[in-house]
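Worksheet: the structure to be examined is printed underneath.
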Amino acid sequence: MKKWVYSFGDGQAEGNSKMKDLLGGKGANLAEMCTLGLPVPPGFTITTDVCTAYYDKGKKYPGDLKPQVQESLEKIEKKIGAKFGDKTNPLLVSVRSGARASMPGMMDTVLNLGLNEETVKGLAKNSNNERFAYDSYRRFIQMYSDVVLGVEHYHFEDLLDLKKQDKQITQDTDLTAQDLKDLVKSYLDKVQSELGKPFPQDVNEQLWGAIGAVFDSWMNARAITYRKLNEIPASWGTAVNVQSMVFGNMGENCATGVAFTRDPSTGENAFYGEFLVNAQGEDVVAGIRTPQQITIKGKQKNNLTLPSMEECMPNVYNDLVKVYKRLEAHYKDMQDIEFTVQDNKLWILQTRNGKRTVFAAISIAVDMVKEGIITKEEAIKRINPHSLDQLLHPTLDPKAHRRILDRGLPASPGAASGKVVFTAEEAESKAGMGEKVVLVRIETSPEDIHGMHAAEGILTARGGMTSHAAVVARGMGKPCVSGASGLRIDYKTKVMKVGGIDVNEGDIITINGSSGEVILGEVPTIQPTLSGDFATIMKWADEIRTLKVRANAETPEDSATARKFGAEGIGLCRTEHMFFESDRILAVREMILAESQQGRKLALDKILPMQRGDFAKIFTIMEGLPVTIRLLDPPLHEFLPNTIEDMEQVASDTGVNIEEIKRRSSQLHEHNPMLGHRGCRLGITYPEIYAMQARAIFEAAIEVSANGDEPVKPEIMIPLALSKKELDILKEVIDQTASEVFAEKGKKVEYLVGTMIELPRAALKAGEIAETAQFFSFGTNDLTQTTLGISRDDAASFIGIYKDKGIFENDPFVRLDEEGVGELIEIAAQRGRKTRKDLKLGICGEHGGNPASITFCQKIGLDYVSCSPYRVPIARLAAAQAYIESQEAKKEAA
């Protein structure tokens, strides 16, 4: 017979803290605390396997579960000396959830279970406290009705408020025993009227109703949302903990509270917490009464007058201090402890690793290493890499008022306020006059790059987390909210309509790229500060990791930011972004409109010094670190104007007839440009473009190498190759250009020529391609698109549904699809290195900054990852964690 239930109590337990997968975090820790000899009310845990079986069997329990529950219940009765459902000496229990990952407040709890019209009398007589008994009963009716029966809690709160108004009192604790009896009757009548049937009096029916409600709450809306946000698999399930009640609401020598072994906001090594006298746990959460501080220091810090526990319950306080010190020493982490005091005796109801801000997490981790409690490796493992975003971008002042207009996707973290503008040109113009602007577009395109660069932040009505706006904004470190579908943007009238409100060009809005909020007016922001502890953690991570971290950057500003955040080179310099600057777009358009190679060369001669200057600045900033430069990638039509007004402007600037511009634009138009005339196909068709870019690279490298201490060794990347033949043709162009420049300058620089693997065919033919390519950079954005046949710009409309139905566990444009795209990368890596042992391998798509994807890169032996400058610290930390994880896996396998 399979064991479904594990008991604990009286210093003994059938489980321990290593059994979190089976017993959930709460159940495992209750068992562990019992074996440590701490005062834990006895109980039992129904395993997570039951939850899995419950859903697999259409919400039916395993046949042998109920006898095991009954047996465990009898063990509690024996330990407590009371009987479940007994009229004279009733045992009451709590029923709580407990998943293996902490999900505070997401699932349901029932307290005081086992009370009915008869057992409440027994509880009153045994405790010699009628008021306490009926207070517990009214709490039970409200909680059970809400959680199990579906009678919403406000019905009972309204009745409670009416009773207090009638009695002219403000506190629940001022209600008499008779008042509470009256309330119980009102509550029971309300249940009868709402459901058409009475509140259950059978205690076993109550127990199984509560157990079922906890399992059902695993799939409630808030739990599902929490799991999605925290990447917790639904398959884990929850355990159910049934535990004998201890009562904090029996009088003035009773209390309930929550304590943290260190400050969860700042990380300060100071005991921190709150409690309420004569109360039960939900009172602390509900905020009905002002809680008291546990310590005198906390009382003084918060300017409170109510006595601290240290003052009014000194013996209990001393016991609690001993417990918290023991728990932190045992678990070697900051603990979040729930406790109840009954008749001046302390009981511990739960301990778990406490939730904390990223500031506190870093501070606590560093302090614990210094205190000799944990190792550097353990400190690094405890910090969520994603949370570092809070340290790297401005955030909204949490105290400030905000009027939310709409919510979109949190595409790029940080917060920004500014005047609304609807065109990139207006953004650049206004910013040039010193005004702060937010660029608002239906969706962005590469043509908007100069406006995006000038704006404080970007807001789009369409697009997902990996849309053009999102990807570019993250690379720039600009806040971005994408896919705000409630927006109606009219470019002609220059108005954004949302929720019945008109926002005109020039009106001020605020966007929160960390939450997706679009807010009317200006909201003050708080600038981040990188503390000494942050630098310490980064230093430890760098000492441990083997995977290099580069940045995606193509401007001097981005390159400098990347260096500041610890990038070890540039893994992707997208040269087309340089073309959109206002001082060079005209020359680019002249090149595109030219009908002959000679005409294109004349325009390219104008672009050459601009590109050379860009590369020289980047090489100088990177001081000899590797710089991978991708030659022109997007289709040419992206550089041409779309509107008649823009076409007229180009005609005026270039002297080309507007009809000719229209014809050329129509000629270049493609039905599916992502799979069209772009990447190396442009270089094959117009080799003079790649020759110009190669010349700019080599001339800049020679110039900077001559002026600097470190020689420049550029890595030239040919995009979108699907065959060795393409590389052979274009490498010859690059090598020929190198020979010409080296001869002209009388100097040489070393360089590599490689390719971006972003097509399935290229991955499969990697062995042949590596005969020519000296490095592979996996462009996982396009490789994901071409492998899955899904456009990243259009996927947002259905990716959520695919995740809900279990087709995708994660958004494949955010976290690498290891089973499909990942396998192609692994195949390419193996086949490429079989041909060329020293082949350099990295990834430069958005996945390069995703911790789970970084773990995959470590596992298959890539040399580096490349990500946006503002994600470099995240990647450094994640790379260290990936290395630690790989070493632990090796030890376990051995």
> Do you know which of the residues in the stretch 299-347 that are outside any helix (DSSP H, G or I), within 30 Å of T375 (Cα to Cα) and free of Cβ contacts under 8 Å to residues at least 60 places away in the same chain is most open to solvent (accessible area, probe 1.4 Å)?
Replying inline: K332
> Can you pull out the helices (runs of 4 or more DSSP H) entirely within the stretch 358-415 that have at least 3 residues that are in contact with a helix residue (DSSP H, G or I) (Cβ under 9 Å, 6 or more places away or on another chain) and closer than 20 Å to G849 by Cβ?
Replying inline: 358-370, 389-392
>> Among the residues that make up the stretch 241-249, is at least one of them closer than 17 Å to D283 by Cβ, open to solvent by less than 10 Å² (accessible area, probe 1.4 Å) and part of a helix (DSSP H, G or I)?
In response: no
> Could we say that T555 is over 30 Å from K662 (Cα atoms), in contact with a Pro (Cβ under 8 Å, 6 or more places away or on another chain) and either surrounded by fewer than 21 Cβ atoms within 10 Å (Cβ to Cβ) or in contact (Cβ under 8 Å) with a residue 60 or more places away in the chain (or both) here?
Replying inline: no
> Of the numbered conditions (1) assigned to a helix (DSSP H, G or I); (2) at pLDDT below 80, M591 satisfies every one except a single condition; which is it?
Replying inline: (2)
> So which residues in the stretch 614-628 are open to solvent by 30 Å² or more (accessible area, probe 1.4 Å) and part of a helix (DSSP H, G or I)?
Replying inline: K617, T620, I621
>> Of the conditions (1) open to solvent by 60 Å² or more (accessible area, probe 1.4 Å); (2) on the phi > 0 side of the Ramachandran plot; (3) in contact (Cβ under 8 Å) with a residue 40 or more places away in the chain, H453 satisfies every one except a single condition; which number is it?
In response: (2)
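Within the stretch 641-688, track down each residue that is among the polar types (S, T, N, Q) and either open to solvent by 60 Å² or more (accessible area, probe 1.4 Å) or within 45 Å of the chain's Cα centre (by Cα) (or both).
Of the residues in the stretch 641-688, the ones among the polar types (S, T, N, Q) are 642-643, 649, 652, 654, 657, 665-667, 672, 685.
Within the stretch 641-688, N642, T643, Q649, S652, N657, S665, S666, Q667, N672, T685 qualify.
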> Which of the residues that make up the stretch 792-805 are under 20 Å from S235 (Cβ atoms) and without any contact (Cβ under 8 Å) to a residue 40 or more places away in the chain?
Replying inline: G800, I801, Y802, D804, K805
>> If a residue counts only when it is of a type in the set (D, E, K, R), which strands (runs of 3 or more DSSP E) contained entirely in the stretch 713-825 have at least 1 such residues?
In response: 714-718
>> If I go through the stretch 689-706 residue by residue, how many of them are in contact with a Leu (Cβ under 8 Å, 6 or more places away or on another chain) and open to solvent by 40 Å² or more (accessible area, probe 1.4 Å)?
In response: 1
>> Show me the helices (runs of 4 or more DSSP H) entirely contained within the stretch 19-121 in which 3 or more residues are free of Cβ contacts under 8 Å to residues at least 40 places away in the same chain and open to solvent by 60 Å² or more (accessible area, probe 1.4 Å).
In response: 65-80
>> Can you tell me which residue is most open to solvent (accessible area, probe 1.4 Å) among those in the stretch 840-856 that are in contact with an Asp or Glu (Cβ under 9 Å, 6 or more places away or on another chain) and among the hydrophobic types (A, V, I, L, M, F, W, C)?
In response: A852
>> Residue under question is R563, and the condition is that it be in contact (Cβ under 8 Å) with a residue 40 or more places away in the chain, open to solvent by 50 Å² or more (accessible area, probe 1.4 Å), among the charged types (D, E, K, R) and not in a loop (DSSP other than H, G, I, E, B); does it hold?
In response: yes
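The values are calculated or read from the model by the stated rules, or taken from the named source; none is laboratory data. Because the structure is a prediction, the values reported are computed rather than measured. Using ideal geometry, Cβ is built from the backbone for each residue, glycine included, and neighbour counts are taken over all protein chains shown. For the accessible areas, the whole protein counts, side chains as well, though only heavy atoms, and no ligand, DNA or RNA atoms are used. Shrake-Rupley method; radii C 1.70, N 1.55, O 1.52, S 1.80 Å.
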